[in-house]
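Notes for the one structure printed next.
The values are calculated or read from the model by the stated rules, or taken from the named source; none is laboratory data. As the structure is a prediction and not an experimental result, all values here were calculated from the model. Quick reminder, even Gly has a Cβ in these numbers, built from the backbone with ideal geometry, and neighbours come from all protein chains shown.
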Amino acid sequence: MNAADPRFRTLLRRAVATLALLGVARGTAAAQGAASNDTTLRFEIYGFGQGDLGYDFGRMNPQWYDVVRPSKLPSFADEFGKNGNAWASARQSRLGVKAAKLTDRGDMTAVFDFDMFGVGVDAGQTTIRLRHAYGEFLHILGGQLESAFMDLDVFPNILDYWGPNGMLFFRNAQVQYRAIDDKKQQLAFALEKPGASADAGDYTGRIELANVRPHFPWPDISGHYRYMGDRGHVQLGGIWRMIRWDQVPTDTFDLSGHVTGWGVSLGGTANFSNKANVIRAQVNYGDGIQNYFNDAPIDVGVVDQFSNLRTPIAGKALPIFGAMLYLDHNWDQHFSSELGWSMVNVTNSNGEADNAFHNGQYASTNLLWTPVPNVMMGGELQYSRRSNFRNDFDFNDVKLQFSFKYSFSQKFGGTQ
C-alpha cells in the first residue's frame, strides 16, 4: 500500500480524526480538572441603603415605631400617648460578606451580615444587629442562621421590616445538618440555642419569685422536610424543647417546675400565570413556642393551683396558633404588589393579667416600583389589631410607609 492508494488515504483521514477527538477529550478533561482544582477564594460584598418614611395614625410602642407588631400596640388607653406619629428610619440598611472556597470534598462557604435595627436592650436604636454569622461544609451548618423550624421563602415582598405576625421567623445559634439537599428535596435537623420568656401575670413583683431562675438542660431540637416542584414548594416543620425554672434556694414555697414545648408548621408557595402570581401561606400550632413566631409574647404563663400549699402557682406552656396568607402579583417587569393577612391567637392561662396579649391581627398591601435593577421605591398601607385577655380592650392601628432602597453587590476571586 502506498500514499497514492485510496485505501491508505482513507485510513490516514480516520487516524487524524481519531487523534483530533482524543485531543479534544484530553483538553476538556484538563479544563475540568483545572476548574475542580481551583481553590481561589471567592468573595462577595453585598447590601443596600434604605430610607423609610411613614405615618402612624394610631400609636405603636415608641421602641417599635417603624414596624408593625400587634403585640407592641397599647394594652390600655393612652399607654404610649396620643395617636398620630410621623417617623423616618434608615434601620433596614444592610451590609454583608459571603466567602466560598472550593475543596476536593465540596465547597466551604461562610456568611456574615448585619443591619441597623436595634433589638433587645438596643430596641428603638439605630445600631448594628447581627443577622447571619455561619459557615457550611459537607451539609453541616454552624453559627447563627434561620431556624430549621421556619420557612424563609413564605416571607412576602413587603416594605414592613418585621412582617406577618403569624409566621415563624427566628434566627438562632445552632448546628444544622441537611441530610438531603438538592433541587427537589431538603431534609434538615438542628440543635438550637434554647431560651424562653415568662410572664408572672398577677404575681409580677412578688418577692417569692425573686429567686426563680430559668434552666435549659437541653438544646431545642428542630427540623423540616421540603419538597420543591416547578410550581412552588411545600414544607413541614417540627420542634421540641424543654423549659425549666428552679427556685434557689427553696423556702416556704417551692416554685420550681418545667414544661415541654412542641410545635408543627405547614406552609409553602404556589405560583401560577407564568409566575406573575405567587401565593405564600403558612399555618403553625404548638405549646410554648412563642419565641419562634415572628411576633408573639411569652412562652410560659402562670397557673393558679392554690390547693397545693407548697407550690401554689405553676407554669404552663401556652398554646399558640398562627397563620398567614399573601398574594404576590407582578403587574409587569417594573411594578408589583402584595396583598395579605396574618394572625396570632394565644390560649392564655388563668394566672395572667387581664391586659395580657390574647390575639393579634396583621394585614398589608403595597405598590412597588423597580425602575432599574438595584433600585426599588414604593408605598404600603398597613393594619394591625391587638385584643387583650380578659378586659375586652382592643386597639386598632393603621400606618402608611414609603421606602427607597438602593442595593449593591460586588464579587471577587475565582476563575475568570
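In the stretch 199-241, the residue that is modelled with the lowest pLDDT out of those that are over 30 Å from L187 (Cα atoms) and among the polar types (S, T, N, Q) is T204.
Filtering the stretch 93-100 for residues that are at pLDDT 95 or above and in contact with a Leu (Cβ under 7 Å, 6 or more places away or on another chain) leaves a non-empty set.
Please go through the stretch 264-291 and give me each residue that is of a type in the set (F, W, Y) and under 25 Å from G223 (Cβ atoms), ordered by number.
Y285 - this is the single residue of the stretch 264-291 that is of a type in the set (F, W, Y) and under 25 Å from G223 (Cβ atoms).
Restricted to the stretch 105-131, and to residues that are touching a residue at least 40 places away in the same chain (Cβ under 8 Å) and over 17 Å from the mean Cα position of the chain (by Cα), which residue is farthest from Q174 (Cα to Cα)?
To start, the set of residues in the stretch 105-131 that are touching a residue at least 40 places away in the same chain (Cβ under 8 Å) comprises 113, 117, 123-124, 131.
Still in the list and also over 17 Å from the mean Cα position of the chain (by Cα): 123-124.
Details: A123: 24, G124: 27 Å.
For the stretch 105-131, the residue satisfying everything is G124.
Filtering the stretch 111-159 to residues that are aromatic (F, W, Y) and closer than 22 Å to L368 by Cβ leaves F117, F155. Output yes when any residue across the stretch 242-255 is buried (at least 23 other Cβ atoms within 10 Å of the Cβ) and in contact with a Leu (Cβ under 9 Å, 6 or more places away or on another chain), and no when none is. Looking through the stretch 242-255, none of the residues is buried (at least 23 other Cβ atoms within 10 Å of the Cβ) and in contact with a Leu (Cβ under 9 Å, 6 or more places away or on another chain). Inspect the stretch 351-369 for any residue being assigned by TED's automatic domain parsing to the domain that holds D66, over 28 Å from G84 (Cβ atoms) and surrounded by fewer than 17 Cβ atoms within 10 Å (Cβ to Cβ) and give the result as yes or no. There is no residue in the stretch 351-369 that is assigned by TED's automatic domain parsing to the domain that holds D66, over 28 Å from G84 (Cβ atoms) and surrounded by fewer than 17 Cβ atoms within 10 Å (Cβ to Cβ). Here D66 meets the list (1) farther than 28 Å from D354 by Cα; (2) touching a residue at least 60 places away in the same chain (Cβ under 8 Å) almost entirely, failing just condition (1). If the condition is being hydroxyl-bearing (S, T, Y) and within 21 Å of G322 (Cα to Cα), then the stretch 363-416 contributes S364, T365, Y383, S384, S387.
Listed here are the residues, each with its yes/no results for (1) surrounded by 24 or more Cβ atoms within 10 Å (Cβ to Cβ); (2) under 19 Å from W245 (Cβ atoms); (3) of a type in the set (G, A, S); (4) modelled with pLDDT of 95 or more.
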{"residue": "W262", "(1), (2), (3), (4)": "no, yes, no, yes"}
{"residue": "S265", "(1), (2), (3), (4)": "yes, no, yes, yes"}
{"residue": "D299", "(1), (2), (3), (4)": "yes, yes, no, no"}
{"residue": "V303", "(1), (2), (3), (4)": "no, yes, no, no"}
{"residue": "S307", "(1), (2), (3), (4)": "no, no, yes, no"}
{"residue": "P312", "(1), (2), (3), (4)": "no, yes, no, no"}
{"residue": "F321", "(1), (2), (3), (4)": "no, no, no, yes"}
{"residue": "L325", "(1), (2), (3), (4)": "no, no, no, yes"}
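Looking only at residues in the stretch 243-274 that are out of contact with any Lys or Arg (no Cβ under 9 Å at 6 or more places or on another chain) and part of a strand (DSSP E or B), the one that is farthest from H215 (Cα to Cα) is L266. Select from the stretch 369-405 the residues that are farther than 29 Å from V344 by Cβ and among the hydroxyl-bearing types (S, T, Y) and list them in ascending order. Across the stretch 369-405, the qualifying residue is only T370. Listed by position, the strands (runs of 3 or more DSSP E) inside the stretch 298-416 whose residues that are farther than 30 Å from G268 by Cβ, touching a residue at least 40 places away in the same chain (Cβ under 8 Å) and over 24 Å from the mean Cα position of the chain (by Cα) number at least 1 are 300-304, 313-317, 375-388, 394-412.
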